[in-house]
Each structure stands twice: as structure tokens, then as C-alpha cells.
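Colleague: Let me begin by handing over the structure; questions about it come next.
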Amino acid sequence: MVKNYFLNLFLLFSISLSSQIKITEIYHDTPYNERMTLFNGTTQQEENARRHHWGEFIEIYNYSDKDIRLENWYIRDLFGVFWLPQDKIIKSGEFMVVVYSAPTVNTTPFTELFSTTQGKDNQIIKQNAILMDNYKESVYLGYALGGQVPLDKGSYGWVLPKSSNRVKAAYTQPGICYTVKSYQLTSNGYYSLAYPNPLDAVYKPPIEHFEDIVFNDYIKYYSYLDWSDNVLNLINNICSISIEKIQQIPNGTYNSGGKCFNYDTPGSNTDAYDCAVSNGSNNQGTGHTYDELLNIKNSIKVYPNPVSAGNQYTVNITWDGPALNQIYDLQVYNGNGGYVFGYQPTNGINYTTFSLQNQLPGIFIVNFTLNTGQVVSKNILKW
């Protein structure tokens, strides 16, 4: 019963946690020359760079039933870390490949190496931070909670005897990459050698419900979560509606309306009225860039979280760094949109406290309105 209660609450979150994404294939040792002989300003430099680890890739797969934004996801190895593009979305049941691309050199398109990738450029992510070693290596896929706490969610490593599969002038031989095997995920959860098959697979992990995958992480790392895109609809109690227009001329439907609901103190619905539907973003004004807003939000601390009787249900909020003198108003709402607490800090003030002593257990939203009119939010759980 408790699990179902919290699952319903967690469905409101829009960020993605846990290993909803798997590494399904690693191709770490192509037939191409991996030597880097640099002679500035010469053709030799360009040719060696062009073929440096050319064709290597790491394939990832979204096996959850929800599309996932790759913000705060990373792949790392023993050489470096590559943060996946924050604006990229991997759809449910979709593959993407992270491929090596030499910097400052016009490499031959990855799609010319593998026929299975042709016409799928939007599923190819280029990077030069990871340099997979042919003989001893470990590759990790992970997610950073709030952009601050990195959690490795999948990995694969190998230790191999030193040998060479280099083919002279490999770039003149179409299909040469298919002659070297890659590590591919199998149905038993292990990796086995097979000929490379990027953006396709003999075995695809079965699709699982998003909430089942992330439940344990939501419980364990609750204090790092926030309401993100859902905050306005939550505090305004808005439900999107589409009502058929009952008249003969003109025909059509209303698709942009919404209903707002008011509640009394016990949480019973008292009335409903027409209202606007938010665009799904809590950044309403202009001024701060996306990265600046993220830094401001990360500079705001809400603790303890979850809050319990052990601390008399007292909640502390502090902010510093990028958030200092940026908060015009903060408001706390319960899960029904009821107003719980408000505070307007003056310059130089960077903390406030309040009590949830008389509130029912559940989810609470702290909404921070900035001087620019933009909004960031945090959440609180009362046990």
C-alpha cells in the first residue's frame, strides 16, 4: 500500500533516474590505424587523425516505456568522461550510438562504415573524450543526480592480450569494420562477441515500466529530486482538457483549454473553473540562461528531506552563491495546491525556516520566483 502511494506521487516527476538506459554494444578495436603522428600543417597529420579510433562506438538503448532526456547522463572510461547532450531525447525502445570523432578533422561519416546506421544521423552522438583502450579498459554508463552526485548504472570491462588486428589502408576497403567483432548484450545479461550491428540488435532488452525501474532510486535519493516541468500544473491544480464543440457550424474541437480546481483544508474539491494550461516549463521569464538557472537551483538547499517527527517537522531552506540576492519570493504548497508558507527575502538574507507540524504527510512543493520572473522549484517529503 505504501509503495503504491508513493508510486502515484513519483509519476509526477519528469526527470529520469536509475538505469532505464542500457549499454547494448561496445565496439572498441577497429581495423583502422590508431597511431597519432602529428606534423603540423601537413597531410600526414590530417590522415592519421582521420583514422584515429575511427569507427569505435558505444550503443545505448532505452528499455523503459518513457522517452528520456539525456541531460545529466554520462559515459566514462579510464581515459575520460563524456556528458551526453542535455537537449537530446532517446525515445522508448530506441537505440543511440556514441561514436569517436577526431577533433578539428573532417572525418568520413559514421554512416558510411555501417549500413545499419544509414538515414539515422539523429541517433549518432559524436565525442572525443573517451578513448577506449584495446587491451585493458572499463566503460561505465551513469546518471548524475541534480547534476551533482554521479551514480554508475551499468558497466563493462575487458583485459586482453596485446595483439593487432590493424589492416593496412583499411579506409580503402568498404565494410572492413564488419570483420572485427564487438561486445553485445545478450538475454542472460552478459556480453558476448558478435559482428557489429549498431542501431540494431539481435537481442533487445524487454520494455519495462518506467516507474518500476526508478522506484528504488526515488526513495533512496529523494532529496535530490525536484518537480521540474510539472510545478505550475501541480500548484495550480490544472488538468488539460479537450472538449468537443457541439454545434453545426463551424466544426472543430477546443484543444488548448484547462480546468483549475480549488480545495478546502481537508482536501475536498470545492469548485472548478476554466484556466490556461502551462506549456510544461517552470522557466516563465527571460533573463537567466538554462545553465544559470541550473546553478541557481543547485545552490538552494532544503533540509532535512524527507522531514519527520524526529526534527519536529522543521524545514530549513538556505541559498548562496549564484542564488544569493536572486530570490524575490518563495512559496510552499501541499500536494493539493494549498498554500502552506511564504517568504520574501531581502538582500543579504539567505535562509528561512518553517514547520510542517500541522500538515498531513505527503509531497510539498517549494516554488522560488526569481527577480527575473523565472521560476525554479524544490520538493519536500513529509513522512
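Colleague: I'm trying to understand the selection: among the residues of the stretch 338-383, which are within 29 Å of D291 (Cβ to Cβ), β-branched (V, I, T) and surrounded by 13 or more Cβ atoms within 10 Å (Cβ to Cβ)?
Modeller: If the condition is that a residue be within 29 Å of D291 (Cβ to Cβ), β-branched (V, I, T) and surrounded by 13 or more Cβ atoms within 10 Å (Cβ to Cβ), then I349, T352, I363, I365, V366, T369, T372, V375, V376, I380 are the ones that fit.
Colleague: Restricting attention to the stretch 56-67, does a residue exist that is buried (at least 21 other Cβ atoms within 10 Å of the Cβ) and either modelled with pLDDT under 90 or more than 22 Å from C177 (Cβ to Cβ) (or both)?
Modeller: Taking every residue of the stretch 56-67 in turn, at least one turns out to be buried (at least 21 other Cβ atoms within 10 Å of the Cβ) and either modelled with pLDDT under 90 or more than 22 Å from C177 (Cβ to Cβ) (or both).
Colleague: Assuming G335 fulfils every condition listed in (1) of a type outside the set (S, T, Y); (2) at pLDDT below 90; (3) surrounded by fewer than 14 Cβ atoms within 10 Å (Cβ to Cβ) apart from one, which condition is it?
Modeller: Failed condition: (3).
Colleague: Still on this structure: It is to be established whether one or more residues within the stretch 130-137 are more than 22 Å from I21 (Cβ to Cβ), among the charged types (D, E, K, R), in contact (Cβ under 8 Å) with a residue 60 or more places away in the chain and assigned by TED's automatic domain parsing to the domain that holds V81.
Modeller: Yes, the stretch 130-137 contains a residue that is more than 22 Å from I21 (Cβ to Cβ), among the charged types (D, E, K, R), in contact (Cβ under 8 Å) with a residue 60 or more places away in the chain and assigned by TED's automatic domain parsing to the domain that holds V81.
Colleague: Taking the stretch 289-317 as the search range and keeping residues that are among the β-branched types (V, I, T) and over 26 Å from the mean Cα position of the chain (by Cα), which one is surrounded by the most Cβ atoms within 10 Å (Cβ to Cβ)? I'd like the intermediate steps shown before the answer.
Modeller: Just the residues of the stretch 289-317 that are among the β-branched types (V, I, T), to begin with: 289, 296, 300, 302, 307, 314-315, 317.
From what is left, the residues that are over 26 Å from the mean Cα position of the chain (by Cα) are 307, 314-315.
Details: V307: 24, T314: 12, V315: 22.
Top of the filtered list is V307.
The values are calculated or read from the model by the stated rules, or taken from the named source; none is laboratory data. Since we're looking at a predicted model, the values are computed, not measured. Using ideal geometry, Cβ is built from the backbone for each residue, glycine included, and neighbour counts are taken over all protein chains shown.
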